[in-house]
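This report refers to the structure that appears directly beneath it.
A short reminder: the numbers here are calculations on the coordinates, not readings from a lab. All values reported here derive from a predicted model rather than from experimental measurement. Here the Cβ is made from the backbone with ideal geometry for all residues, glycine too, and neighbour counts use every protein chain on show.
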Amino acid sequence: MAATTSNTPGYYVNYSTRVDKVGLRPRIANTVRALIAVIIAFIMLIPVIWMGMTAFKSRPDAVSVPPTVFFQPTIEGFVFLLTARRQLTNDELATYSERTDLNFADQLALGRGQVIIGQSDFLPQLTNSLIISSVSTFFSVAFGVLAAYAFSRFRVPGKDDLLFFILSQRMLPAVVVTIPIFLMYKELGLHDTHFGLILLYTSFNLSFSVWLLKGFIDEIPREYEEAALVDGYTRLQAFRKVVLPQAVTGIAATTVFALIFSWNEYAFALMLTSDAARTAPPSIPVRLGTGGIEWASIAAGSLAFLIPVVIVTFALRKHLLRGVTFGAIRKG
Amino acid sequence: MATIELKQVEKKFADSFAVQPLDLTIHDGEFIVLLGPSGCGKTTTLRMISGLEAVTTGNIYLDGRDVTWAHPSDRDIAFVFQFFALYSHMSARQNIAFPLQAQRESRDQIARKVAEVAKMLKIEHLLDQKPGSLSGGDQQRVALARALVRRPAAFLMDEPLGALDAEFRESMRAEIKQLHIRQEATTVYVTHDQIEAMAMGDRIVIMSKAVVQQVGTPADVYHNPANLFVARFIGSPGMNLIEGKYVDGRVTLPGGSAFTLPNEYNAALSAALNDSDGKIILGFRPEAVRMNGDGDISARVYADDLHGGYTMLHFELDDGVIVHGRAGRDANYPIGTQLKFGIDPAMVRFFHPVSERAIFANGAGV
């Protein structure tokens, strides 16, 4: 702060944060502003809230018209999400109901005349999503930061053409190339493999991350590395010790964007996977129970699906909010 | 410590010269200032010495060792940047220790050396702060400490005071000079501020348009500028330069005033001026102006600035040329006064109007 305002010692700008010093009028204005923000946030969050409510609804509540806002919460949706069940015949139902060793989940299923026969494939699919999106995010950011550094600092022959070529990867709607990629993946044996999706998502994200990170690295003054170079460090050491810590904000932002893309990706995951590598997005909406769509189960799946991205974004929020390099270098 | 030698060092960007072939020997323990307007090639020269910029041709020697193509980290030099280049994610202490860590010194040794240099620069109380919370002067002190801590063979400083406020600049100037005297370290210092150069340099290298104009001590470049550029650039205001016509030992100034030269100049001047049709440029510092009333040059007082210790008078000659003269602090010449002034002949310098070079390399040549 001092560096950008003044170099005089003891010169500090102290904006008081004491509430009792602030006049009544600004305080009301602040309250109104906060209120408006809360209302807008609420409107934005309605679908998410509705999803969260549906996840805890029983089946009649979930499909009732008009929709119920107050209801008896149940975790039926989650139980059905995580289990595979079979419909019981009437005979079976009679004997089964008499058993006393039934646990909570079994009883929920029994209420629908069903018996739990094992785990659903939701957890393995969520695991696939985790593996594929985290590995592809790691590689697209790692390659991205290296490429961005080179583009930012070195005289690369044909730099502008290369950068445009990289950007052009994002110009075609992805759906257009799903069929060719599907055929290629079949031939190459990449169909329904983790590696296949990781490769695809990494290359999709790379163009984006190179451009985003180049912007951030351009902002880091060259003098930083030059100081490290004359102080006895190699180029690579200077990169690791000086450039990377300065680029943390950009890396965090890029990570979140890349993660969200590969985590949410639907079309390719649907086309290129079947069992082994199927991710969560294409499987959540197709949860059909006997006699209809299990809305509660779908909502529960979507809710569970939100959590990892929320955690990552929350963990990186400090870097996302913090401005780039404040302080040490003064632009005159 | 070290000597630095540049032999025919040049730098081209695309087709234009950033630095024309340059020869320079910087002696052990010397404080050399590279001075010139922006874009004159002084910073490029400094960066070539550091290795941050590759030379186009020529050789650079550090203590006799050819380092032309050595990596910056192999040159044992320290660089102080204009905008400090402190790492904002590290505390002042970590910043200062950073070069030592590259040399894999032990923890104890690093701690000892950091404490030592912090004491020298009086920044011990700031060591645990991040650069962002320090004032500009303190940031530059930390940057100096980072350069000093390694005890390098030479210091290269690129306008280290340029980013500081005026009040800090002067005290830091003295601090850097004092550090240099204590360390006896070879220092190359780049600045565009001629006052800074005069105050700090053992020798000054004046550059303009990629060419070295003059190399000399501050007194030398002030009193005996090698050409018109140096004459104008050094001093504030710069040297007075008026064009006259030289005929038989007399210089006639525009407007008719005449100025008689001592006899001993004549032979050399006539020889030097035979291709300029007798035209000559007289140069003299404001303090060469004599106001005792019996001068030959008539002028009108145009403006006067009281500088406290002295008065700077601005005269308008008959043809509109403005000349600056220094007078005592109690000088009283109302604006518009017509007067005559003289010039101390020993302090007059002569320049060729076409080549713009000084006619006598060593002052007046007497």
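The charge dipole of the stretch B:255-366, taken about the Cα centre with unit charges on the Cβ atoms of Lys, Arg (+1) and Asp, Glu (-1), comes to about 180 debye, rounded to the nearest 20.
Mean-square fluctuations from a GNM of chain A, with a 10 angstrom spring cutoff on Cα atoms, peak among A:THR193, A:THR54, A:THR89 at A:THR89.
With respect to chain B, whose longest principal axis is taken over its alpha-carbon atoms, helix B:166-183 is tilted by about 70°. Exposure proxy ranking for B:MET207, A:MET171, based on other Cβ atoms within 10 angstrom of each Cβ and starting from the fewest, stands as A:MET171, B:MET207. Between 0 and 90 degrees, the angle of helix A:295-315 with respect to the longest Cα principal axis of chain A falls at about 20 degrees. Couplings 3J(HN,Hα) of the stretch B:274-284, computed from phi: 5, 9, 10, 6, x, 6, 8, 10, 8, x, 8 Hz, in residue order, whole Hz [Karplus 6.51 cos²θ - 1.76 cosθ + 1.60, θ = phi - 60°; x for Gly and Pro].
When A:SER152, B:SER16, A:SER97 are arranged by Cβ crowding within 10 Å, least crowded first, meaning fewest neighbours, the order is B:SER16, A:SER97, A:SER152. Here the stretch A:23-100 is treated with +1 on each Lys and Arg Cβ and -1 on each Asp and Glu Cβ, and its dipole about the Cα centre works out to around 640 debye. Computed on the Cα atoms alone, the convex hull of the stretch B:237-351 gives a volume of 95 cubic angstrom per residue.
By the count of other C-beta atoms within 10 Å, a proxy for reagent exposure, B:ARG173, A:ARG153, B:ARG182, B:ARG112 are ordered fewest to most as B:ARG182, B:ARG112, A:ARG153, B:ARG173.
Calculation over all alpha carbon pairs of the stretch B:113-202 in 10 angstrom steps from 0 returns a P(r) of 15, 52, 30, 3 percent. Quick one: angle between helix A:122-153 and the longest Cα principal axis of chain A, in degrees between 0 and 90, rounded to 10, please. Value to nearest ten degrees: 10. Charges were assigned to the Cβ only: +1 to each Lys and Arg, -1 to each Asp and Glu. The resulting dipole of the stretch B:1-116 about its Cα centre is roughly 420 debye. When Rg and Dmax are taken over the Cα atoms of the protein assembly as shown, they come to 38.7, 138 Å.
Each helix, a run of at least 4 DSSP H residues, gives -39500 (n - 2.57); summed and divided by the residues of chain A, these come to -19500 deg cm²/dmol at 222 nm. Quick one: Debye curve from the C-alpha atoms of chain A, no solvent, what's log10 I(q)/I(0) at q = 0.07, 0.09, 0.16 Å⁻¹? Here log10 of I(q) over I(0) equals -0.48, -0.73, -1.33. Selection among B:ILE281, B:GLY320, B:LEU306 by position relative to the dipole of the stretch B:237-351 gives B:LEU306 as farthest towards the positive end (Cβ unit charges, Cα centre). Think of chain A as a dipole: +1 on every Lys or Arg Cβ, -1 on every Asp or Glu Cβ, centred on the Cα centre; then among A:TYR266, A:THR68, A:VAL256, A:VAL256 lies furthest on the positive end. Think of it as helices only: each DSSP H run of n ≥ 4 in chain B is worth -39500 (n - 2.57), and spread over all residues that comes to -7500 deg cm²/dmol at 222 nm. Per the Debye calculation on the stretch B:122-273 with a single equal scatterer at every Cα and no solvent contribution, log₁₀ I(q)/I(0) for q = 0.12 Å⁻¹ amounts to -0.67. The coefficient of translational diffusion for the stretch B:4-229, derived via Stokes-Einstein from the alpha carbon Kirkwood radius under 20 °C and 1.002 mPa s, stands at 119 µm²/s. Each of A:PHE143, A:PRO285, B:VAL230 was scored by the projection of its Cα onto the charge dipole of the protein assembly as shown, and the greatest displacement toward the positive side belongs to A:PRO285; charges sit on the C-beta of Lys, Arg, Asp and Glu.
The alpha-carbon positions of the stretch A:59-120 define a convex hull whose volume is 98 Å³ per residue.
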